[in-house]
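A.B. asks: I have a structure I would like to understand better, so I am pasting it below and will then ask my questions one at a time.
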């Protein structure tokens, strides 16, 4: 069932995960989306186990600039290509970086306004620079209009 945008905004306000479906002429897939400040280890575990895809952290261009996360060279030549940046992990408070707890910790560090590039190491989970008019940007916008911060997982 396709929900009206008002329902998605309400879900974002209430920290509920939603499925965003891409245009069938693009990737024709669905993404599990949640405002990033609600990316708990349990939510990350659900996304990884049930989403069966890549865990991507959509960050605004301003945050990418502040954290020195530039698009990966050679991977963004197609206008519809996903604008991946280097993989990152939190510098402290994690172990291997691959557990749901570690991924949730990295997300919380990445979205913190006080975070600097020194607080991160380049490895995981796949932040992407949110371009206009794409599902990646929709993650950021949905979090914003839902009264949340400008990030989405």
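Since every read-out is calculated from the coordinates, none of them should be taken as a lab result. Please read all numbers here as calculations on a predicted model, not as lab measurements. Virtual Cβ from ideal backbone geometry, glycine too; neighbours counted across all protein chains shown.
A.B. asks: With label points built 7 Å along Cα→Cβ from the Cα atoms of residue 10 and residue 70, find their separation and express it in nm.
C.D. replies: 4.6 nm
A.B. asks: When Rg is the radius of gyration of the Cα atoms in segment 1-122 and Rh is its Kirkwood radius, what does Rg/Rh come to? Walk me through the intermediate numbers first.
C.D. replies: On the way: Rg = 15.2 Å, Rh = 15.8 Å.
Radius of gyration relative to Kirkwood radius: 0.97.
A.B. asks: Which of the peptides 102-113, 87-98, 18-29, 37-48 is most tightly packed, and how do the rest follow, going by the mean number of other Cβ atoms within 10 Å of each residue? It would help to have the intermediate numbers written out before the result.
C.D. replies: Working: 102-113: 20.8, 87-98: 15.7, 18-29: 12.4, 37-48: 18.2.
Top to bottom by mean Cβ count within 10 Å: 102-113, 37-48, 87-98, 18-29.
A.B. asks: Note down the nm distance, to one decimal, between modelled labels 7 Å out along Cα→Cβ at residue 3 and at residue 119.
C.D. replies: 2.9 nm
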